[in-house]
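What follows is a set of notes on a single structure, which appears directly below.
Throughout, read-outs are computed from the coordinates displayed, never taken from laboratory work. For clarity, every value in this text was computed on a predicted model and none was experimentally measured. All Cβ positions, even for glycine, are placed from backbone atoms using ideal geometry, and neighbour counts span all protein chains on display.
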Amino acid sequence: MEKKPLRSNTTERLRHVLAVIAVIVTLYYLYWRITETFNQNAMFFSWALYGAEVFGAITTFLFYFVVWKPLKRETPPPIQNLTIDVLIPTKSESTDILRKTLLACNDLKYPHRTLVLDDGNRPEVKVLCEELHCIYLAREKQEHAKAGNLNFGLQHSTAEYIAIFDADHVPLPHFIDRLIGYFKDEKIAFVQAPQEFYNIDSFQHRTDPKKKTIWGEQYLFFSLIQPGRYRWNAAYFVGSCAIIRRQAL
């Protein structure tokens, strides 16, 4: 199945028209609420409810502002001969799950090293790393959760660029090749890739077998909100599936 596209020139124009209409209707509604519907005998509750509605309207307007015109960029060709370390923090994930991730990391086409950061200090994970030729690292004190584990891994990494994956995230072979070219722009600190899910039977997904399309809640964030935030230099690093420039850390 193909992922259902979120943006086209037609849908973008339609989205702009609907957003403007929604803003006008919402402002009129708020005006009507404050002039016609307040209960004079319960002003505290009237203002409390109205405040919640105003807050909802403001957040909605900010959403329209962010996604008004998402920034679109073509994928640049990869930069060759860079050093990259792949960090995989883990603690309690099973070796079956971790094996899928490590095998996928081994299949990454761009030259790299894979470092497994095991906060569980598990012998079976060390054996798995030896089997798959990955570097196994474990710290004595598990402080500051995932962030502390990543900082520990950075102390053992010397690469110019750092790729980070959660233990249950499986990268595609071209992951580094698709992202590393963006770093030709020296102002780029990190590049965040979208996350897809192969278990599409979850409550977050909607499928159409006849049209062979898939819709998931995460697509809205990664395909619309993130590009919209990128236009304003405010894209998120979501903790996984990204490459970071070491110099920016």
- request: Take each complete run of DSSP H in the chain, measure how far its Cα atoms stretch along the helix's own axis, and keep only those covering 15 Å or more with mean Kyte-Doolittle hydropathy at least -0.5; list them.
  value: 9-36, 43-66, 95-106, 145-155
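GluC sites (Glu not before Pro) within the stretch 175-229: which are DSSP loop residues with at most 14 other Cβ atoms inside 10 Å? Intermediate values should be presented prior to the final figure.
On the way: sites: 186, 196, 217; in loops: 186, 196.
Counting only loop positions with at most 14 other Cβ atoms within 10 Å, the GluC sites (Glu not before Pro) in the stretch 175-229 are 186.
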- prompt: Quick one: putting +1 on the C-beta of Lys and Arg, -1 on the C-beta of Asp and Glu, what dipole do you get for the chain around its Cα centre, in Debye to the nearest 20?
  reply: 900
message: Go through the cysteines of the chain and tell me which have no other cysteine Cβ under 4.7 Å away.
response: 105, 241
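Can you pull out the chymotrypsin sites (Phe, Trp or Tyr not before Pro) in the stretch 6-100 whose DSSP state is coil and whose Cβ has at most 15 other Cβ atoms within 10 Å? Please list the in-between numbers first.
Details: sites: 28, 29, 31, 32, 38, 44, 45, 47, 50, 55, 61, 63, 64, 65, 68; in loops: 38, 68.
Here the chymotrypsin sites (Phe, Trp or Tyr not before Pro) that fit, given the DSSP loop and packing criteria, are 38, 68.
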query: Dipole of the stretch 2-66 (Lys/Arg Cβ +1, Asp/Glu Cβ -1, origin at the Cα centre): which of 41, 54, 66 lies farthest to the positive side?
result: 66
- request: Round to the nearest 0.05 the FRET efficiency obtained for residue 213 and residue 107 when R0 = 25 Å and r is the Cβ-Cβ distance.
  value: 0.35
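Summing Lys, Arg as +1 and Asp, Glu as -1, what charge do residues with Cβ under 14 Å from the Cβ of residue 143 carry, residue 143 excluded?
With Lys, Arg at +1 and Asp, Glu at -1, the neighbours total +2.
Of all DSSP beta bridges in the chain, what percent run antiparallel (nearest 5)?
Working: 11 of 26 bridges.
For the chain, the DSSP antiparallel bridge percentage is about 40.
For the stretch 2-66, rounded, prolate or oblate, judged on the Cα gyration tensor with a ≥ b ≥ c (square roots of eigenvalues), a/c < 1.5 rounded, else prolate if a/b > b/c?
On the way: a/c = 4.27, a/b = 2.68, b/c = 1.59.
Prolate.
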message: Test of the criteria: in the stretch 203-249, which chymotrypsin sites (Phe, Trp or Tyr not before Pro) are in a DSSP loop and have at most 14 other Cβ atoms within 10 angstrom of their Cβ?
response: 203, 232, 236, 237
